[in-house]
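Novice: Sharing a structure here in structure tokens format.
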Amino acid sequence: MLRLAGRLAPHGERRVRVLVPTDAVRDELTSAFPRLPVEVGPFAVADPGDRLTYAERARPGTSVIDAVRLGVPLIVSDHDPHVAKTLAGREWVRLFPAGDGAALAGLLRDLAWSPLPRPALTTAAALGVPTAAEQTAFLTELKEPQPCPPCPR
């Protein structure tokens, strides 16, 4: 991600918007590239109708928002307070303390006997996640070049 941002920054920093999932990622990028416009917002590449089958759910590499769109229950550490707060208390999510292997093992043991339900088709919309079409429109909308703030010295 940082390499891509590094390539974009010198040539397109006034024409490119970077969309990131959390404030922490935004802070990391803006500290490295202070003139690159970075916005925080949920996003996903899947539409609600593109739900995974039960056989496909074991595949690694699905992000949290895509998992919601694809109907995959989540086991998530609380390392990101914003994500943890957003997902806490949902029947299809189990949170565990980051770095607590015993808590994770206990969760996994319990889930073997009592699997989590899948998120409803309307869950992504309820969380404020745009559809894939809305996301594409947002990312491809042409913006007027923004004035560059002064370079830090």
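Novice: Exactly one of (1) in a loop (DSSP other than H, G, I, E, B); (2) at pLDDT 80 or above is unmet by Arg51. Its number?
Specialist: Arg51 satisfies all of (1) in a loop (DSSP other than H, G, I, E, B); (2) at pLDDT 80 or above except (2).
Novice: So which of Gly89, Gly61 is exposed (fewer than 12 other Cβ atoms within 10 Å of the Cβ), closer than 30 Å to Leu116 by Cα and modelled with pLDDT of 80 or more?
Specialist: None of the others qualify; the one that does is Gly89.
Novice: Here is a follow-up. Would you please name the residue that is nearest to Thr22 (Cα to Cα), looking only at residues in the range 128-153 that are at pLDDT below 75 and of a type in the set (Asp, Glu)?
Specialist: Top of the filtered list is Glu141.
Novice: Checking Ala5 against (1) surrounded by 13 or more Cβ atoms within 10 Å (Cβ to Cβ); (2) modelled with pLDDT under 85; (3) within 17 Å of the chain's Cα centre (by Cα); (4) small (Gly, Ala, Ser), only one condition comes out false. Which one?
Specialist: Evaluating Ala5 over (1) surrounded by 13 or more Cβ atoms within 10 Å (Cβ to Cβ); (2) modelled with pLDDT under 85; (3) within 17 Å of the chain's Cα centre (by Cα); (4) small (Gly, Ala, Ser) leaves (3) as the failure.
Novice: For the range 70-123, give me each residue that is acidic (Asp, Glu), part of a helix (DSSP H, G or I) and within 25 Å of Asp23 (Cβ to Cβ).
Specialist: None; the set is empty.
Novice: Ala32 fails exactly one of the following numbered conditions: (1) at pLDDT 75 or above; (2) hydrophobic (A, V, I, L, M, F, W, C); (3) surrounded by 14 or more Cβ atoms within 10 Å (Cβ to Cβ). What is the number of that condition?
Specialist: (3)
Novice: If you go through the range 35-48 one residue at a time, how many are farther than 18 Å from His79 by Cα and either among the polar types (S, T, N, Q) or modelled with pLDDT under 75 (or both)?
Specialist: Result for the range 35-48: 6.
Novice: OK, next. Taking the conditions exactly as written (surrounded by 12 or more Cβ atoms within 10 Å (Cβ to Cβ), among the basic types (Lys, Arg) and modelled with pLDDT under 80), does Arg26 satisfy them or not?
Specialist: no
The values are calculated or read from the model by the stated rules, or taken from the named source; none is laboratory data. On a predicted model such as this, the values are computed, not experimentally measured, just so you know. Neighbour counts run over all protein chains shown; Cβ positions are idealised from the backbone, glycine included.
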